[in-house]
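Below you'll find the structure, written out as structure tokens, and then a few comments.
The values are calculated or read from the model by the stated rules, or taken from the named source; none is laboratory data. Only a predicted model underlies this, so the values are computations on that prediction, with no experimental measurement involved. Here the Cβ is made from the backbone with ideal geometry for all residues, glycine too, and neighbour counts use every protein chain on show. The area values use the complete protein model at the heavy-atom level, side chains included, leaving out ligands, DNA and RNA. Shrake-Rupley method; radii C 1.70, N 1.55, O 1.52, S 1.80 Å.
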Amino acid sequence: RQVPGRSIASMNPARAAPSPVSAPVSAPAALRRRTLLAGAALGLAGAGCRERPGAPFTIRWSHVVAEDTPKGLAAERFRALVQERSGGRIAVAVHPEARLYSDHDEMQALQLGAVEMLAPSLSKFGRTGFPEFELFDLPCLFPDVASVRRITQGRLGQRLLQGLQRQRMVGLGFMDNGFKHMSANRPLLELADFAGQRLRIQASQVLAMQMRALGAQPVALAFSETRQALAAGVVDGTENPLSNFWTQGMHEVQTDLTLTQHGYLGYAVVVGQRFWVSLTTADRTLVRQALHEAMDFGNRIADTQNDKALAALRGFAGTRIHVPTAAQKAGLRAAVQGVHEGLARRIGAEWLDSLRDQLAQLAG
Ligand code: LMR
């Protein structure tokens, strides 16, 4: 890990010491990952057999963000609920901050049974064979999180989750983080500001198209590598919801944050199919119920966590915060319109038409 997580609740930004830039993923961590994956591939890890009723077991949930984020706190709530309702028989081991697996290998770990549960951002399903999930990456499309939620809870969302069976995953639901904002070592208010900037993105073709449409150069990097890449000047800037920006300490290595609110970031919670079918019906019900309550909790606190991060950032002298004018927002929106049709060409117009119809119904 590059940096320890920052607690939104406890940290006083005025006293925040810049954290040292440490080495990339350490050799032992990388080795541990490879060993776990190799073991899983040999069938040494994971749930191959049907669970004996009443037998104890552990659900390993790996994720890449800090504990004090909407996803981190929802995972912790899930752990506590499952522990309590199973009387301690079902343990949940949450592995945050990419300590176990990073964006590079977590999907593979799930499919091999080296972990049971993940909540990757929707942007990370495209390269696993589900480009239709990149609908949620489309810039300047969703008016607010409530509209996204109506889509994810509706027919389109259910269809996306069902499709995950193609890759031996079971989709259990969606969870929000919020809207992303741009950061760099300069304000990013107008197209001219983006020219030539190397901006970190998640590995999503829509996000790459978005950055190119703005005149920037997209650089796909794992989340766990991002802060260090910013500190080292490998990339100039990035886009994040505020709770991720703050808890990774990115404000310590970026001088300017522009509140563009240009795109959504949310998650799908997935489990491995072999693990899921190995559970008794009663345990599946317990896990599903606890997860839905934990996701509701995560959704309820997502806004507050982002608001708290903004308040903390306002108190941090090292990062200037810019708010684009309506005209500047309109300029950025106009520049990215072609990205929508680019995705429609890739995944078929039907997905985008259905999304637009549902958004229009919500607006009407
Ligand atoms: C990112 O890579 O920027 C995000 O997906 C991280 C996360 O899980 O919120």
Task: Under the Karplus curve 6.51 cos²θ - 1.76 cosθ + 1.60, θ = phi - 60°, whole-Hz ³J(HN,Hα) for region 169-185, x wherever Gly or Pro sits - done: 10, 10, x, 9, x, 10, 9, 8, 10, x, 9, 8, 10, 8, 9, 5, 9
Open item on the list: My understanding is that a pair violates if its Cα-Cα distance is over 18 Å; which of LYS124/LYS329; LYS71/LYS329; LYS180/LYS308 do that in this structure?
Closed with: LYS124/LYS329; LYS71/LYS329
- [ ] Could you work out how far the C-alpha centroid of region 53-105 sits from that of region 114-153, in angstrom?
- [x] 21
- [ ] Can you tell me how much longer the chain between GLN167 and THR325 gets when fully stretched, taken as 0.36 nm per residue apart minus their C-alpha distance, in nm with one decimal?
- [x] 52.5 nm
- [ ] Pop a pseudo-label 7 angstrom from the Cα along the beta-carbon direction at both GLN337 and THR58 and give the gap in nm to one decimal.
- [x] 5.4
Open item on the list: Leaving out ligands and nucleic acids, and using a 1.4 Å probe, what accessible area per residue does the chain come to in Å²?
Closed with: 41
- [ ] Set Lys and Arg Cβ to +1 and Asp and Glu Cβ to -1, take the dipole of the chain about its Cα centre, and tell me which of MET211, HIS95, GLN361 lies farthest positive.
- [x] HIS95
Open item on the list: So for each of 87-100, 338-351 I average, over its residues, the number of other beta carbons within 10 Å; can you give me the resulting order with the highest mean first?
Closed with: 87-100, 338-351
- [ ] Please state the charge dipole magnitude for region 106-224, taken about the Cα centre, from unit charges on C-beta atoms (+1 on K and R, -1 on D and E), reported in debye and rounded to the nearest 20.
- [x] 180
TODO: Treating only the Cβ atoms of Lys and Arg (+1) and Asp and Glu (-1) as charged, compute the dipole magnitude of region 174-307 about its Cα centre; round to the nearest 20 debye.
DONE: 440
- [ ] Calculate, in nm to one decimal, what ALA80 and GLN289 gain on full extension: separation in residues at 0.36 nm each, minus their alpha carbon distance.
- [x] 74.0 nm
- [ ] Report in % the part of the accessible area of region 158-220 that belongs to carbon and sulfur, leaving out ligands and nucleic acids; probe 1.4 Å.
- [x] 46
- [ ] Assuming 0.692 mPa s and 37 °C, estimate D for the chain with Stokes-Einstein, Rh taken as the Kirkwood radius over Cα pairs, in µm²/s.
- [x] 156
TODO: Could you pull out every residue, at least 5 positions away or on a different chain, whose amide H is within less than 5 Å of the one on GLN217? Hs are placed 1.01 Å off N in the peptide plane, and Pro or chain starts have none.
DONE: GLY196, GLN197, ARG198, LEU199
Task: the chain, dipole about Cα centre (Lys/Arg Cβ +1, Asp/Glu Cβ -1), debye to the nearest 20 - done: 680
Task: Accessible carbon and sulfur surface of region 265-356 relative to its total accessible area, %, 1.4 Å - done: 55
TODO: Scan around LEU141 for amide H atoms under 5 Å from its own, H built in the peptide plane at 1.01 Å from N, and keep only partners 5 or more places away or cross-chain.
DONE: none
TODO: Place +1 on the Cβ of every Lys and Arg and -1 on the Cβ of every Asp and Glu in the chain, take the dipole about the Cα centre, and give the residue among LEU73, VAL271, ALA317 whose Cα lies farthest towards its positive end.
DONE: VAL271
TODO: For TYR264, enumerate residues with amide H under 5 Å from its amide H, sequence gap 5+ or separate chain, H modeled in the peptide plane.
DONE: LYS180
Task: Net length gained if the chain between ALA220 and ALA195 were fully extended (0.36 nm per residue, minus Cα distance) - done: 7.2 nm
